[in-house]
Amino acid sequence: MKYFISFLFLLLLVSCKPKHVEIKLSAFETSECKKEYNFDLQGTAKSTVLNSGNYQVSVFGVANCCSDFEPVFEIKNDTLHLGFKEGGNICSCFCCYDFIYEVEGIEDISNYTIHYTNPIIEIVETEVIPEID
């Protein structure tokens, strides 16, 4: 009987242990280039709950129009740090994009602050370069 009670106690301890859910980035994509510039919206984010229970966070930003993008995703305490690294070709034009991050493992995104890690780009002058025939 003593072993049975010990077994039940151990079983109770194991079953009551809180589950550790890993918060991770499960997908990243960018929208098509948006030629209209609305710099006031840079860094603004909106989140959507997906059917899978994951959250989709969309951050509006400006980047080089020829770049390839790699996500930056980090969690510190109650802050999601979202951003991107640019790679590939660089050219003389900029576009506005929605950088879309799908995050899994968060029960309620309202418990988190979203921090956009990329600097806000301010385009002072836009030069139109004529095409060469």
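The values are calculated or read from the model by the stated rules, or taken from the named source; none is laboratory data. Computed from a predicted model, the values in this text were never measured in an experiment. Quick reminder, even Gly has a Cβ in these numbers, built from the backbone with ideal geometry, and neighbours come from all protein chains shown.
What is the one condition in (1) farther than 17 Å from ALA27 by Cβ; (2) part of a strand (DSSP E or B) that CYS91 does not satisfy?
Result: CYS91 passes all but (2).
Here's the yes/no breakdown for (1) touching a helix residue (DSSP H, G or I) at 6+ places or on another chain (Cβ under 7 Å); (2) of a type in the set (Asp, Glu); (3) at pLDDT below 60:
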{"position": "ILE5", "(1), (2), (3)": "no, no, yes"}
{"position": "LEU10", "(1), (2), (3)": "no, no, yes"}
{"position": "ALA27", "(1), (2), (3)": "no, no, no"}
{"position": "SER31", "(1), (2), (3)": "no, no, no"}
{"position": "GLU36", "(1), (2), (3)": "no, yes, no"}
{"position": "THR48", "(1), (2), (3)": "no, no, no"}
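In region 100-119, is there at least one residue being outside any loop (DSSP other than H, G, I, E, B) and in contact with a His (Cβ under 7 Å, 6 or more places away or on another chain)?
Yes.
Just the residues that are of a type in the set (S, T, N, Q) and either under 14 Å from the mean Cα position of the chain (by Cα) or not in a loop (DSSP other than H, G, I, E, B) (or both), please, taken from region 38-59.
If the condition is that a residue be of a type in the set (S, T, N, Q) and either under 14 Å from the mean Cα position of the chain (by Cα) or not in a loop (DSSP other than H, G, I, E, B) (or both), then THR44, SER47, THR48, ASN54, GLN56, SER58 are the ones that fit.
Hey, any hits in region 53-61 for a residue that's among the β-branched types (Val, Ile, Thr), under 21 Å from THR117 (Cα atoms), modelled with pLDDT of 75 or more and surrounded by fewer than 16 Cβ atoms within 10 Å (Cβ to Cβ)?
no
The rows are residues; the columns are (1) in contact with an Asp or Glu (Cβ under 7 Å, 6 or more places away or on another chain); (2) at pLDDT below 85.
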position: HIS81; (1), (2): yes, no
position: PHE84; (1), (2): yes, no
position: ASN89; (1), (2): no, yes
position: PHE99; (1), (2): no, no
position: ASN118; (1), (2): no, yes
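Only residues that are loosely packed, with under 14 Cβ neighbours inside 10 Å and either on the phi < 0 side of the Ramachandran plot or hydrophobic (A, V, I, L, M, F, W, C) (or both): list them for region 62-85, please.
ASP68, GLU70, GLU74, LYS76, ASP78, THR79, LYS85
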